[in-house]
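Structure, as structure tokens:
The values are calculated or read from the model by the stated rules, or taken from the named source; none is laboratory data. Since the structure is predicted, the reported quantities are computational estimates derived from the model, not experimental observations. When we count neighbours, we look across all protein chains shown, and the Cβ atoms used for this are built from the backbone with ideal geometry, even at glycine.
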Amino acid sequence: MPQTTIVLAHPIDFARWRAATRDLVTRRVPPDDIAWHITPGDAPAATAPSPTGQPFRIPRETMQLAADVVQSMLPDRFTLAYGLIYAHVTGTDIAPSDLARMEDAAQTVRAETVHLRHDLFTLMQRSGANDTWHGTLDATTYAPESNARFMTFQLSLAPWRLSLPGRRMEWTGRELLHGQDDAVAAPLAFNSLPPPAMPLVTDLDIPRITALPAVALAAKTCRICPMARRATQTVFGEGRSDARMMFVGEQPGDREDIAGRPFVGPAGQLFDRALLEAGIERDDTYVTNTVKHFKFRPRGTRRIHEKAGPEEIAACAPWLAAERRIIRPHVLVMLGATAASALLGRHVTIGRERSRAITLEDGTTGVVTVHPSFLLRVPDEDARTREYARFVADLRLAADLRSAPPP
């Protein structure tokens, strides 16, 4: 007879399941001693008491299997998922029949995830006064709910409604709603849902996203390359979405990685000063980097910048391409060789390319100049003064080109 009852807020309340599992496994409570009940409105907050036993870690693939099981419609899915974690921590065996059921359920969840993602624009049609996306999906799992964030990003944050067997899900443009067909839909927190069977950015058709905030939010979930997994956070671009002038640097530095904003460290402060001298208001521009994560090597308590390589540049290329496509700047200023090489598609020597207008393939006017961090590294004060003046002159050239009528 179960001695512990855990109340969940909805059929895929992964957040409360995970919080309870962390506490119960730490206290070595067997799966048979726990009853999982779904009672909307009665569930406590998704927090667990501070464990008093030995802490534990779960391999990523094991935790993902548990998340996939929670997305199934097996009536005992929470018990099975808990048993998986309990067995891993305690070293006990899982019944082969239970493991087979979990693997079969996970396979179905993955298949329905692939179907939803690959056929999203076939399943969903846009209509109505507010251009709401509507669709119907005959799902046999809760994979659609776990992919609600994916759908929201892919549909550019526009409102959408998805009808599912016996239930419906809706993004109003401000909140996610979920409910049975015959009940009032209630708010559903994105962070209460299990992680989807595949990483969020997998299958994301970035060129079809038309809203810059949707691209930025999607980029914040990107963990494609090792650099992204080591950095504190994604540092996306910022500024006007209709800016006529766009600046592209190399990658965030230590300060930017902590703040989550581009060009706020020493090089960024020098950049801001030069912009003012050139008569450019930063708030009127868009500022970003070729690579969206900080690449570094540890040295004691410090993190030393490392140059981004071709693989990191390629991994971030879709995000930069989306920024350019949506903003459509009149002038694009490439700060440093990394940005210039990535955008021009060839090796670039700054001394040969700087201080002149370059017509890019899409008709944008490009200007190549040094990265402001270069100015910080010039040891001689007189040389640094000269180089700074050249940098300001390049920015003035870009400002003049911004004001020129398009060809």
Original post:
Across region 156-187, what is the number of residues that are more than 20 Å from residue 109 (Cα to Cα) and either in contact with a helix residue (DSSP H, G or I) (Cβ under 8 Å, 6 or more places away or on another chain) or not assigned by TED's automatic domain parsing to the domain that holds residue 132 (or both)?
Top reply: 5
Original post:
If you take the residues of region 63-105 that are polar (S, T, N, Q) and closer than 19 Å to residue 198 by Cβ, which of them is farthest from the chain's Cα centre (by Cα)?
Top reply: 72
Original post:
Where in region 328-387 are the helices (runs of 4 or more DSSP H), entirely inside, with at least 2 residues that are buried (at least 21 other Cβ atoms within 10 Å of the Cβ), within 30 Å of the chain's Cα centre (by Cα) and aliphatic (A, V, I, L, M)?
Top reply: 337-344
Original post:
In region 106-215, which helices (runs of 4 or more DSSP H) lie fully inside it and hold 2 or more residues that are in contact (Cβ under 8 Å) with a residue 12 or more places away in the chain, within 15 Å of residue 68 (Cα to Cα) and within 25 Å of the chain's Cα centre (by Cα)?
Top reply: 143-146
Original post:
Could you say which residue among 211, 158 is in contact with an Asp or Glu (Cβ under 7 Å, 6 or more places away or on another chain) and of a type outside the set (Val, Ile, Thr)?
Top reply: 158
Original post:
(1) at pLDDT below 95; (2) farther than 20 Å from residue 237 by Cβ: which one isn't true of residue 402, the others all being true?
Top reply: (2)
Original post:
So which of 149, 174, 168 is of a type outside the set (Val, Ile, Thr), surrounded by fewer than 18 Cβ atoms within 10 Å (Cβ to Cβ) and under 20 Å from residue 119 (Cα atoms)?
Top reply: 168
Subject >> Count - residues of region 58-105 that are out of contact with any helix residue (DSSP H, G or I) (no Cβ under 8 Å at 6 or more places or on another chain) and assigned to a loop (DSSP other than H, G, I, E, B) >> reply: 5
Subject >> Flag for residue 248 being touching an Asp or Glu at 6+ places or on another chain (Cβ under 6 Å), of a type in the set (A, V, I, L, M) and either more than 21 Å from residue 370 (Cβ to Cβ) or crowded, with 19+ Cβ neighbours inside 10 Å (or both) >> reply: no
**OP:** Report, by residue number, each residue of region 223-271 that is hydrophobic (A, V, I, L, M, F, W, C) and either outside the structural domain of residue 397 (by TED's automatic domain parsing) or at positive phi (or both).
**Re:** 263
**OP:** Can you give me the number of residues within region 220-238 that are modelled with pLDDT of 95 or more, crowded, with 21+ Cβ neighbours inside 10 Å and not in a loop (DSSP other than H, G, I, E, B)?
**Re:** 0
Subject >> Evaluation of residue 238 against (1) under 30 Å from residue 393 (Cβ atoms); (2) among the acidic types (Asp, Glu); (3) touching a Phe, Trp or Tyr at 6+ places or on another chain (Cβ under 7 Å) (one fails), failing number >> reply: (3)
Original post:
Counting only residues that are part of a helix (DSSP H, G or I) and out of contact with any strand residue (DSSP E or B) (no Cβ under 6 Å at 6 or more places or on another chain), which one in region 398-407 is surrounded by the most Cβ atoms within 10 Å (Cβ to Cβ)?
Top reply: 399
Subject >> Positions within region 258-303 being part of a helix (DSSP H, G or I), crowded, with 22+ Cβ neighbours inside 10 Å and not hydrophobic (A, V, I, L, M, F, W, C), in sequence order >> reply: 268
Subject >> Residues located in region 125-146, provided they are surrounded by 21 or more Cβ atoms within 10 Å (Cβ to Cβ) and touching a Gly at 6+ places or on another chain (Cβ under 8 Å) >> reply: none
**OP:** May I ask you to verify whether residue 318 is at pLDDT 95 or above, assigned to a loop (DSSP other than H, G, I, E, B) and under 26 Å from residue 293 (Cα atoms)?
**Re:** no
